[in-house]
Every structure is written in C-alpha cells, then in structure tokens.
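Input: a single structure, listed below in structure tokens.
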Amino acid sequence: MKGIKKGIILGILFGYMGLTSCVANRTEAKEKRSMDVQSLCKIQVDGYDGNASILAKIGYMPADDELSEEDKVSMQKLFDSITYVITDGPMSNLSNGDLVSFHTIYDEDLANYLAVVIENRDFTYEVRDLAKLEQMDPFEGFCLHYYGAEPNGAYFFETKDCSEYVQKNISFTADREKDGHLCNGDTILVSVEYNEEKLYKDGKSLTASSKEFVVEGLPEFPLSVQEENLSGIYEKVTGKLGEFLEVQPVQFWTGLVDARIANSAAFHLSYEVASNVAYYRVDRADKSNNRLAIIYVVTVSAEQKGYGKAVTKDFYFVGTTGPVYTKDGIVDEDGGAALSFERFPSLSAAIHNGKSSQKEVEELKVTYRASYEQ
C-alpha cells in the first residue's frame, strides 16, 4: 500500500509540474505588447482658471485582431482595471500652469498573462487654456437711499444703475426692515442672492456677497421751530382744510338751526376761515411724535332760502400735521397730506389741545372763503 500511495503522489506532482510548465510555455509563447497608459489617458479639466477640477480616465481600447477571443476578453478586463491617481499637485481649484502628477494602477496579473508591458506609468500633466471668470462687483451702481427723520428713518434700494446682468440675476436683501426706525450711524448689511450654478455657467464671479452701509444724512426732529419760517406748511395745511370743509356744509347747517328746518328747508351757507395760533407739540421721549398744530376759526353764516335772516357762528378746528423736521428749512414729511382735523367747542379748548410744551402765536394772515347752495 505504501508503494501505491507513493506512486500516486509522484504522479500528481509530475502532473502539476507538467501543467505549470504548459502555462509558462503558453505565456512565453505570447507576443509581448507595449501599452503607453499616458497616451491612452483622457484628461478632462472643467471650470475656470483658479477653480477648475481635473479627472483622468482610460480612453477606448484599440482593436487588436491578432488576439484570440479569450484574450480579447482578458484585454478588456485589463483596460477596465486601469485607474489614475494623483500623487502630486492640487486636486481642485486648479489654475493655468499647475502641474498634476499621476500614477497608474492596473491588474498586474492580467498584464503578465497577456504579456503586456506598461509604459509611462507615472506622468505629469500641465493645466492650460482655462478661461478666466469675469470678476463682477454686484454693488456697482447699487444705491441705498434714506428718507424720513431719525429716530424713524427708512430706506429703499435703487438698482437702475446696476448692470443689466445684475438687475436680471441678482436680488438684494437687508438685515433690517425698510421702515426700521433708523438713526444716523446705524448700519445696514445688504446681502446678494443669486443662483450660484447659473452664475458659474455664465462665467462670472462676484467680488462681494454683502456690503455694510452706514446711515447718514437723516434730518433730526427739532425741539423748536421758533426761528423757522412756517408759511409754506401753513399754506398746505390750510389748503387741506378747505378740502375738509367742502364736505361739511350740511353738518354746519344742522348745527345752526333746529332739526325741523334743517331737514326740510333749502339753505345758503358761506364761511370764512382765519388762523393766528400755531403750536409745536414736543415729545421729548420720542421726537418722532412732534407735531405742528394750527388753530382755525371757521365763521359760518347760514341763511334759509326765502326767509332772509342769517345765522352766524364760530367753529374751532385744530389741524395737526405729520412729522415736521429741519432740512433745508421746515419740511412736512408728506407734504401736508397726513393731516387730521379735530373740532373743539371753544378757542381756549383748541389752544390748550394736546398740552403743548411750546406755543407760538403770530398773525398768519391766511383766510379761506367759500359758499354753498342747497
């Protein structure tokens, strides 16, 4: 039995040695081929000078009709195994002139089997011909305008002088509300919003993504208008009073005669407006509450048609403006439009309206006359 086992083992051993010899002879029988992996490498550089990326991959496999079908499959596997790794140089944010070194990795067993000799396994590539991104300042032509008066200043954006590209593709936002109760010296941070992918595709790069603006030039509410010329505002307020009185004739008429006559009789009414008292109400806790108040005495004459006897009575109104502040003289913030008119029972009540901290009396020499028929 021992002799039989020994013969079997020797037979297997000789058989294995013969198989190995056959494989070796087969490999040695293959014709050696050289493969330049650098020339087969396809390098793709995407982006712009200063922020490009690089990708290296194997190109197509050249046709070789001399290979057997089995070896063609093996050759394809060898190609599929080839990868390029960066060993030196930047991997991103590439610029023209950058050098990137590659090392080739592949299936060495397959290469040996196919008798393929790999050449230029290590090589260096120089980045070139990258276009430059256009540097663009999004705030060129951008304006931040302030209006109103502190401590309730406000602002608005103006972009009409920005480039057409900015107007179409970039929007602006601020870290404060537009009516943000601004004072001189306050800061507003304006940021830009945009589609980063589109900007990059268009070959543009922003030089800034935000900009800080310092509020300046807002006028202050004065604590006194004693030395100011208020005639312009008086005129505006009186004009608004005329518009207010145009819808009052029936109320005046019904306030002068008894209800029976007021509801049945036709009437003729006229009145004359005079004013000689103005107040500047000062709120020292919040100057934005400062108001100019003008006292008006409206003398109304009403006459029942066909009766011939006129009834005359004085009515007292206080016209209060919106905020008034000093800027090239006294200017009503909204041109006298934001007015309120309140009726009082007497001149004394009108004069002491609002507990003004300052009273200014002068002859305004402003009158308003009108007449109505019904």
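Read the figures in this text as sums done on the coordinates, not as results from a lab. Model, not experiment: these values are computed from the prediction. Cβ: placed from backbone, ideal geometry, glycine included. Neighbour counts: every protein chain shown.
Fewest Cβ neighbours within 10 Å first, please rank 295, 188 accordingly. Present the calculation step by step, with values, prior to reporting the outcome.
Details: 295 21, 188 18.
With the sparsest Cβ surroundings first, the list reads 188, 295.
I want the local charge near residue 203. Using Cβ-Cβ distances under 12 Å, sum +1 for each Lys or Arg and -1 for each Asp or Glu among the other residues.
Working: positive: 132, 198, 201, 204; negative: 49, 134, 202.
Result for the neighbourhood of residue 203: +1.
How much net charge surrounds residue 340 when only other residues with a Cβ under 12 Å from its Cβ are counted (Lys, Arg +1; Asp, Glu -1)? Could you put the intermediate results ahead of the total?
Working: positive: 240, 291, 343; negative: 342.
With Lys, Arg at +1 and Asp, Glu at -1, the neighbours total +2.
Take the Cβ-Cβ distance between residue 171 and residue 205 as r, set R0 to 22 Å, and report the resulting FRET efficiency rounded to the nearest 0.05.
0.80
If amide hydrogens are placed 1.01 Å from N in the peptide plane, which non-local residues have theirs closer than 5 Å to the one on residue 180?
155
Going by average Cβ density within 10 Å per residue, which order do the peptides 49-57, 146-154 take, highest to lowest?
146-154, 49-57
Over the alpha-carbon set of the range 24-126, divide Rg by the Kirkwood Rh and report the Rg/Rh ratio to two decimals.
Using Cα coordinates only, the ratio equals 1.08.
Rule-of-thumb check for the range 124-243: C-alpha Rg over 2.2 N^0.38 Å?
Against the empirical 2.2 N^0.38 Å value, I get 1.65 for the range 124-243.
Skipping prolines and chain starts, which residues have an amide H placed within reach, meaning under 5 Å, of the one on residue 119, given they are 5 or more residues away or on another chain?
Those lying under 5 Å, H to H, from residue 119 are 35, 36, 37.
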